[in-house]
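Encoded as structure tokens, here's the structure I'll be asking about.
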Amino acid sequence: MMNRLLRGLPVLTLVLSLGTARAADGPSVTPFEADGVVADVLELFPCAVKLDKKGERVRAQATLKEVAARALVTNDSVYAFLETPENRRFLKDVKPGTAVNIKGRLLASGALLHIDSLVKAKGDSKIDLARYDEEEGKEVTLQGTNKCQCGLNVGDLPHSCTLGHLHHLEANDGKVYHYLQVGDGKAAFLGHGTHFKNVEVKARVFPGQFLLVERGKLMH
């Protein structure tokens, strides 16, 4: 009996080791707390609209504007919000330009936030949003998979497609990018023809890992 148990120990140890390795290889989710300003993304990056002739028309049709069209700007960074019922509830009555303190969790590979608490701040945040007025993004070509939250790898953050199958690019470089709802980025955000498909996009990356798509194609 004892020999049978001992013979099983290496197997058990191996299984536990593999499980630990898989957990270690998963995306990093860290506690988050910061003072910042909730911004309308396209107001924050006006050059994204100028760089796409269809920008103004598409912007008026933004999907889930309370979450997907918002960003948190702090003194040194820009963050996107995960499109969840929890985040929508916190952001529903928060107008762009509002100073806030947010506590939650951050998906480091996506500069992507889940909110646990949001408190509106008093007075001027002293955060300079104007520094992004001339931001034109960095030209990149990315390959990856266009995923909604049904399969997007966001670690242990709460996630669901309750608010719709809203897509992000889970890229081969290990990062998660968020589509600006401008031009072809709107179709990619909604997954039109690209739902869980491997894609290549030529785009500009703005702070917060927001993507302005210039051209995309399916990969075979």
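Quickly run through segment 78-91 and pick out the residues that are part of a helix (DSSP H, G or I) and in contact (Cβ under 8 Å) with a residue 24 or more places away in the chain. Write out each step before concluding.
Residues of segment 78-91 that are part of a helix (DSSP H, G or I), as a first pass: 85-91.
Those that are part of a helix (DSSP H, G or I) and in contact (Cβ under 8 Å) with a residue 24 or more places away in the chain: P85, E86, N87, R88, F90, L91.
Which of the residues spanning segment 92-145 are acidic (D, E) and either part of a strand (DSSP E or B) or open to solvent by less than 80 Å² (accessible area, probe 1.4 Å) (or both)? Lay out the reasoning, then the answer.
Going residue by residue through segment 92-145, those that are acidic (D, E) are 93, 116, 124, 128, 133-136, 139.
Answer for segment 92-145, where residues must be acidic (D, E) and either part of a strand (DSSP E or B) or open to solvent by less than 80 Å² (accessible area, probe 1.4 Å) (or both): D116, D133, E135, E139.
Could you list, in sequence order, the residues of segment 57-74 that are modelled with pLDDT under 90 and either crowded, with 22+ Cβ neighbours inside 10 Å or not in a loop (DSSP other than H, G, I, E, B) (or both)?
R57, V58, R59, listed by residue number.
Consider F210 against the criteria (1) surrounded by fewer than 16 Cβ atoms within 10 Å (Cβ to Cβ); (2) under 14 Å from V140 (Cβ atoms); (3) of a type outside the set (V, I, T): it satisfies all of them except one. Which criterion is unmet?
Condition (1) is where F210 drops out.
Among the residues of segment 146-163, is any free of Cβ contacts under 8 Å to residues at least 40 places away in the same chain and crowded, with 17+ Cβ neighbours inside 10 Å?
Yes: segment 146-163 contains one or more residues that are free of Cβ contacts under 8 Å to residues at least 40 places away in the same chain and crowded, with 17+ Cβ neighbours inside 10 Å.
Could you tell me how many of the residues in segment 82-129 are on the phi > 0 side of the Ramachandran plot and among the basic types (K, R)?
1
Starting from residues that are modelled with pLDDT of 95 or more and not aliphatic (A, V, I, L, M), keep the ones in segment 166-182 and report whichever is most open to solvent (accessible area, probe 1.4 Å).
If we take residues in segment 166-182 being modelled with pLDDT of 95 or more and not aliphatic (A, V, I, L, M), then N172 is most open to solvent (accessible area, probe 1.4 Å).
Yes or no, residue by residue, for (1) acidic (D, E); (2) touching a strand residue (DSSP E or B) at 6+ places or on another chain (Cβ under 7 Å):
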| position | (1), (2) |
| --- | --- |
| K126 | no, no |
| D133 | yes, no |
| L142 | no, yes |
| H159 | no, no |
| N172 | no, yes |
| L180 | no, yes |
| H192 | no, no |
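If you go through segment 113-138, how many residues are among the β-branched types (V, I, T) and closer than 28 Å to K202 by Cβ? Step through it out loud before you land on a result.
Pass one, segment 113-138, residues among the β-branched types (V, I, T): 115, 119, 127.
Pick out the ones that are also closer than 28 Å to K202 by Cβ and you get none.
The total comes to 0.
Next up: Give the number of residues within segment 176-191 that are touching a Phe, Trp or Tyr at 6+ places or on another chain (Cβ under 9 Å) and in a strand (DSSP E or B).
So the answer is 3.
If I filter segment 196-210 down to residues being in contact (Cβ under 8 Å) with a residue 60 or more places away in the chain and not in a loop (DSSP other than H, G, I, E, B), which single residue comes out as farthest from the chain's Cα centre (by Cα)? Working first, answer last.
Within segment 196-210, the subset in contact (Cβ under 8 Å) with a residue 60 or more places away in the chain is 201-210.
If we keep only those that are not in a loop (DSSP other than H, G, I, E, B) as well, we get 201-206, 210.
Working: V201: 17, K202: 18, A203: 16, R204: 15, V205: 12, F206: 12, F210: 8 Å.
Result: K202.
The values are calculated or read from the model by the stated rules, or taken from the named source; none is laboratory data. Predicted model, so just to flag it, every value in this text is computed and none were measured. As a convention, Cβ positions derive from the backbone with ideal geometry for all residues, glycine included, and neighbour counts pool all protein chains shown. When the accessible area is computed, the model is the full protein with side chains, heavy atoms only, and any ligands, DNA or RNA have been set aside. Shrake-Rupley method; radii C 1.70, N 1.55, O 1.52, S 1.80 Å.
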